[in-house]
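Beneath this line is the structure, given in structure tokens, with notes to follow.
The values are calculated or read from the model by the stated rules, or taken from the named source; none is laboratory data. Since the model is a prediction, treat every value here as computed from it, not as a measurement. Using ideal geometry, Cβ is built from the backbone for each residue, glycine included, and neighbour counts are taken over all protein chains shown.
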């Protein structure tokens, strides 16, 4: 059998998992190395630009669950961002209480959020920075979702490497 | 300001918010073309073309929506 038809086997589940945990790793696994580097750099830069704009509370599971879900699709980036915001939140909760005046009729959840924001002070995320910051970090997650699907589908189809290599392998006698 | 990055939010006025959408559009174009382009050497050109289309499309959408809200009875 020609060596050009012996392409490495890849498992689509592994490709999908790798693509999630480290953006670009799924494409690296299926032999698309340059694309893997481009994806890794772009998605990482987009996510951390969002955190740079919004600060440590950009990844916020308690008060922004949908953005949080999108941010978690970036894998290790989202997990590190979440860990940092959790550490900051827990540190604030251990400090002394701050009394905040809330209007009558305010829901307990909103009152809690107002108290947390008062403790956060200059780390609290407000408009318009919150929208832009979470747009960056959330869109990074959605882009990685697209990459996860792409890597998984290519792996499931048994495709490996860049397009030109596959075309060469299909020629009679294989390419050079 | 640099020392506060990643810890404190950046103060952004509403005008520069729109400009900050441009790098986001670039990221979308780069990642989309990175997985779709057949020849990786054509990636920069295809990303540039897609970005132009996206910016023009968003500008057209913005103008259209402005016209609607301005002149719709």
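Of the conditions (1) within 14 Å of chain A (Cβ to nearest Cβ); (2) surrounded by fewer than 17 Cβ atoms within 10 Å (Cβ to Cβ), residue B:70 clears all except one; give me its number.
With respect to (1) within 14 Å of chain A (Cβ to nearest Cβ); (2) surrounded by fewer than 17 Cβ atoms within 10 Å (Cβ to Cβ), residue B:70 is out only on (1).
Looking at (1) more than 10 Å from chain A (Cβ to nearest Cβ); (2) over 11 Å from the mean Cα position of the chain (by Cα), find the lone condition where residue B:22 falls short.
(2)
Which numbered condition in (1) buried (at least 16 other Cβ atoms within 10 Å of the Cβ); (2) facing chain A (nearest Cβ under 8 Å) is the only one that residue B:50 fails?
Against the list (1) buried (at least 16 other Cβ atoms within 10 Å of the Cβ); (2) facing chain A (nearest Cβ under 8 Å), residue B:50 comes up short only on (2).
Considering each of A:144, A:90 in turn, give the residue that is modelled with pLDDT of 90 or more and part of a helix (DSSP H, G or I). Show your work before the answer.
On the way: A:90 fails: modelled with pLDDT of 90 or more.
Step by step, each of A:144, A:90 is checked, and only A:144 is modelled with pLDDT of 90 or more and part of a helix (DSSP H, G or I).
Determine which member of the set A:81, A:75 is within 13 Å of another protein chain (Cβ to nearest Cβ), within 30 Å of residue A:17 (Cβ to Cβ), under 28 Å from the mean Cα position of the chain (by Cα) and modelled with pLDDT of 90 or more.
Working: A:75 fails: within 13 Å of another protein chain (Cβ to nearest Cβ).
Testing whether each residue is within 13 Å of another protein chain (Cβ to nearest Cβ), within 30 Å of residue A:17 (Cβ to Cβ), under 28 Å from the mean Cα position of the chain (by Cα) and modelled with pLDDT of 90 or more leaves just A:81.
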